[in-house]
Amino acid sequence: MAAARAVPVELGFAEEAPLWRLRSEQFPSKVYAPLPGRADAFHRGLFLFCCREPPCCAGLRVFRNQLPRKNDFYSYEPPSENPPLETGESVCLQLKTGAHLCRVCGCLGPKTCSRCHKAHYCSKEHQLLDWRLGHKQGCTQPDYRDHTVPDHNFLFPEFEIVTETEDEITPEVVEKEDASEIIGSMGEALEEELDSMAKHESREDKIFQKFKAQIALEPEQILRYGRGIAPIWISGENIPQEKDIPDCPCGAKRIFEFQVMPQLLNYLKADRLGRSIDWGVLAVFTCAESCGLGTGYTEEFVWKQDVTDIP
């Protein structure tokens, strides 16, 4: 009997993208994960939300949405890979439909600028911030709101996630190669001494070394996707057990789908020690049945594992 083929792991990398891709109807700010063979999940997206500030770390939230190919929100045909005829600052940055969003934070914006009645905000505080940082000068200019990207250093920087399948080299191969180099450089060491060293290697060391060996193949990866596979943990501490992963409200178990790597923190410029969000691994678990939602969203589960003090 042939062995079952392992699920390929897709690696995600952050890449600079032109404004027309980041600020268009394509909504690239999500993990797009359709399910083959599922007509109701032709469009399937996973949205992960977090805040810059450490007190909010426990409030990480992930939501799932799925739709058939024919729906009221997406075109039946895929979007063009070519830029529109207009380029650069002439690309319209405002959504043509949907709820109005705050220019500063992206949350619902029920308030409007009393002068132009076009810029929307979630609060007076964000309206004042936007006014000081540019809206005051551009408020009455035609199309200023549509074609000028607010830069308040408030939101995370935006990138496009590009994917590729992980190479065939396995961590075991890397570990063997590393081991052979060590043994070669210590050719005169006694076998008993090597055995003694191995016995004192803790489980924590082994898990962290395995993590390092795995990501060493592609050190710039920010995301690992593989529905149903096992995540790779950065530490032996705070690894969830099956009882720690809540079932979906539909009654089905949740399975691992993707993880966010610590490398993403570099791109998010979360560099204020002790004051910025931080993680070792963010592991996202979703409904094994990917239950139907209509046109709504359902909340899934995210597990945050921190980096422990590893010698």
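The values are calculated or read from the model by the stated rules, or taken from the named source; none is laboratory data. Nothing here was measured: the structure is a model prediction, and the numbers come from that model. FYI the Cβ positions are ideal-geometry reconstructions off the backbone, even for glycines, and counts take in every protein chain you see. Areas reflect the complete protein model, heavy atoms only, side chains present, ligands, DNA and RNA absent. Shrake-Rupley method; radii C 1.70, N 1.55, O 1.52, S 1.80 Å.
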| Once the Cβ-Cβ distance between GLU15 and CYS107 is put in as r, and R0 is 30 Å, what FRET efficiency do you end up with, to the nearest 0.05? | 0.65
| request: Estimate the FRET efficiency between THR165 and LYS118 by the formula 1/(1 + (r/R0)^6), using the beta-carbon distance for r and 51 Å for R0, to the nearest 0.05. | output: 0.70
| Which distance in nm do the two modelled labels at CYS139 and PHE49 give, with both placed 7 Å along the Cα-to-Cβ direction? | 2.9
| field | Gain on full stretching of the segment that runs from ARG61 to SER202 - 0.36 nm per residue minus C-alpha separation | value | 47.5 nm
| request: Give me the accessible area of ASP72, 1.4 Å probe, in Å² rounded to the nearest 10. | output: 150
| Spacing of the two label points (7 Å from each Cα toward its C-beta) at ALA252 and ILE239, in nm | 2.7
| query | By per-residue mean of other Cβ atoms within 10 Å, what is the highest-first order of 113-126, 242-255? | reply | 113-126, 242-255
